[in-house]
Amino acid sequence: MHNTIIIAFILSLVISVKASAQTTDLPKASKVKGFDPATLLWYDTPANKWEEALPVGNGRFGVMVFGKYGEERIQQNEETYWSGGPYSTVDQGGAGVLPEIQKLIFYGETLNVHKIFSRHLIGYPVKQQNYQSLTNLHLFFDGQDAAVGYKHWLDLKTGVPGVNIPSMV
């Protein structure tokens with residue numbers, strides 16, 4: 001059931017990205033009264049690396065849209081897909097060292113406080129687990145080897161990305 005929901009969400013996201021990417025004309029939209037350039041991220045080249053892709057999501061499920069022509073890449077992530085497995089951050093017996101920590105704080109021995117606190121009260125793993133990439137969806141389009149007048153954008157008011165390619169070479 002969980003897999004069916006994820007697949008349905010991915011398909012609806014792809015369809016909505018595809019639909020919005022084909023209907024918006026950024027140059028024309030920018031001339032409309034009420035256009036706010038402060039709420040629009042736009043670029044005239046596709047993203048070449050992850051940091052350049054446009055983020056879209058709802059906090060639980062997210063994607064990075066690269067905006068390429070010929071081969072679009074959409075990297076997807078879901079909040080429960082992390083490195084490692086289930087774990088407990090509780091360190092048993094940690095409360096027993098509190099009197100020693102209090103005494104060391106009183107005497108100004110902050111380095112020893114740090115060592116004891118780190119060893120007995122932070123828990124394991126010491127750092128947060130890392131998000132993992134759930135999937136990389138690649139969409140291939142024939143006849144899109146080069147583009148003239150290319151734009152891709154993210155409307156920050158609506159959260160909708162788009163691509164406009166007025167003509168293909």
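The values are calculated or read from the model by the stated rules, or taken from the named source; none is laboratory data. What you see is a predicted model; the values in this text were computed from it and never measured. Backbone-built Cβ (ideal geometry, glycine too); neighbour counts: all protein chains shown.
Could you tell me how many of the residues in segment 128-145 are at pLDDT below 80, loosely packed, with under 11 Cβ neighbours inside 10 Å and under 23 Å from Pro46 (Cα atoms)?
The number of residues fulfilling the criteria is 2.
Which residue, of Gln129, Gln102, Gln76, is farther than 27 Å from Pro55 by Cβ and not acidic (Asp, Glu)?
Residue meeting the stated conditions: Gln102.
Residue by residue through segment 100-127, note down the ones that are surrounded by 11 or more Cβ atoms within 10 Å (Cβ to Cβ) and among the aliphatic types (A, V, I, L, M).
Ile101, Leu104, Ile105, Val113, Ile116, Leu121, Ile122
Any idea which of (1) touching a strand residue (DSSP E or B) at 6+ places or on another chain (Cβ under 8 Å); (2) among the polar types (S, T, N, Q); (3) free of Cβ contacts under 8 Å to residues at least 24 places away in the same chain is the one Gln102 doesn't satisfy?
Condition (1) is where Gln102 drops out.
Sort out which residues of segment 58-106 are within 30 Å of Val160 (Cβ to Cβ) and β-branched (Val, Ile, Thr), and write them in order of number.
Of everything in segment 58-106, those that are within 30 Å of Val160 (Cβ to Cβ) and β-branched (Val, Ile, Thr) turn out to be Val63, Val65, Ile74, Thr80.
On the given criteria, is Lys68 of a type in the set (Lys, Arg) and modelled with pLDDT of 90 or more?
no
Report yes if some residue within segment 76-91 is under 30 Å from Val148 (Cα atoms) and under 35 Å from the mean Cα position of the chain (by Cα); otherwise report no.
Scanning segment 76-91, I find at least one residue that is under 30 Å from Val148 (Cα atoms) and under 35 Å from the mean Cα position of the chain (by Cα), so the answer is yes.
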